[in-house]
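The values are calculated or read from the model by the stated rules, or taken from the named source; none is laboratory data. None of these values were measured; they are calculated from a predicted model. Cβ placement follows ideal geometry from the backbone for every residue including glycine, while neighbour counts extend to all protein chains displayed.
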Amino acid sequence: MAIRPIVWYGDPVLREKSAPIETIDQSVRDLVTDMIDTLRDAEGIGLAANQVGVAQRLFIIDLAKIDPVHGDLVVFINPEIHTTDGACELEEGCLSFPDIYQKITRAESVRVTALDLDGNEFTVETDGMYARAILHEYDHIEGVLFIDHISPFQRTLLRGRLKRLQQQSVSA
Ligand code: NI
């Protein structure tokens, strides 16, 4: 078990478009194990690989935080979003933006395919918080951050906090 440091806003890896995973080898399995430890330690819902500094198309979502009864941890490798529908506004946070929460409008439902750790393709069609988490994490592997979805007014209000976060990130 290894908890990896989560990079914060200001680290350029968060703006990288992540590369597809060619082979699901031991290094990918180790990365996933560490990401699970890291996500649980941070008590988050989702984590993308580039948030621990690895720009590969991989994210995990811990559904237990969303649905304790049916929840499970899901690993998405090389995910592809096929369709989205509707729109809804929900408050979001991100482990790379400690203590910053913003109301963000995103699609309400999503259909996504991805590979699991055995290389088998699976499909998820969902809505609500699970869809929200998938869309947020998918953005990460594209180098897009949740603050990219906020209004210019929200951004103005956040400017000072984002600047401080960027400065801490550079000096860390
Ligand atoms: Ni995030």
Condition set over 12 Å from ASP127 (Cα atoms) and of a type outside the set (A, V, I, L, M, F, W, C), scope the stretch 84-98, selection farthest from the ligand (Cβ to nearest atom): answer is GLU89
Please go through the stretch 35-56 and pick out each residue that is part of a loop (DSSP other than H, G, I, E, B) and either more than 15 Å from the ligand (Cβ to nearest atom) or within 9 Å of the chain's Cα centre (by Cα) (or both).
ILE45
Qualifying position, being of a type in the set (A, V, I, L, M), away from the ligand (no atom under 13 Å from the Cβ) and either at pLDDT 95 or above or outside any strand (DSSP E or B) (or both), among ILE77, ILE6:
ILE77
Only one residue in GLU80, GLU92 is among the acidic types (Asp, Glu) and either within 11 Å of the chain's Cα centre (by Cα) or surrounded by 16 or more Cβ atoms within 10 Å (Cβ to Cβ) (or both), so which one is that?
GLU92
Complete set of residues in the stretch 95-126 that are in contact (Cβ under 8 Å) with a residue 60 or more places away in the chain and surrounded by 15 or more Cβ atoms within 10 Å (Cβ to Cβ)
LEU95, SER96, PHE97, ILE100, LEU115
In the stretch 35-54, how many residues are without any contact (Cβ under 8 Å) to a residue 60 or more places away in the chain and either surrounded by 18 or more Cβ atoms within 10 Å (Cβ to Cβ) or on the phi > 0 side of the Ramachandran plot (or both)?
8
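Please tell me if LEU47 is within 17 Å of LEU117 (Cβ to Cβ) and out of contact with any helix residue (DSSP H, G or I) (no Cβ under 8 Å at 6 or more places or on another chain). So that I can check it myself, show each step before the final result.
Details: within 17 Å of LEU117 (Cβ to Cβ): yes; out of contact with any helix residue (DSSP H, G or I) (no Cβ under 8 Å at 6 or more places or on another chain): no.
For LEU47, the condition - within 17 Å of LEU117 (Cβ to Cβ) and out of contact with any helix residue (DSSP H, G or I) (no Cβ under 8 Å at 6 or more places or on another chain) - is not met.
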Are any of the residues in the stretch 10-17 buried (at least 17 other Cβ atoms within 10 Å of the Cβ), over 19 Å from GLN166 (Cα atoms) and out of contact with any Leu (no Cβ under 7 Å at 6 or more places or on another chain)?
no
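If I ask for residues that are in a loop (DSSP other than H, G, I, E, B) and hydroxyl-bearing (Ser, Thr, Tyr), which ones from the stretch 80-123 would you list? Outline the logic, then answer.
Quick first cut of the stretch 80-123, residues in a loop (DSSP other than H, G, I, E, B) only: 86-87, 93-101, 107-108, 116-120.
Scanning the stretch 80-123 gives SER96, TYR101.
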Inspect the stretch 130-149 for any residue being surrounded by fewer than 18 Cβ atoms within 10 Å (Cβ to Cβ), away from the ligand (no atom under 12 Å from the Cβ) and part of a helix (DSSP H, G or I) and give the result as yes or no.
no
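For the condition farther than 29 Å from SER171 by Cβ and in a helix (DSSP H, G or I), what is the one hit in VAL32, VAL69? Can you show your working first?
Details: VAL69 fails: in a helix (DSSP H, G or I).
Among VAL32, VAL69, only VAL32 is farther than 29 Å from SER171 by Cβ and in a helix (DSSP H, G or I).
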Quick check on my filter: what residues within the stretch 150-165 are in contact (Cβ under 8 Å) with a residue 12 or more places away in the chain and assigned to a helix (DSSP H, G or I)?
GLN154, LEU158, ARG161, LEU162, LEU165
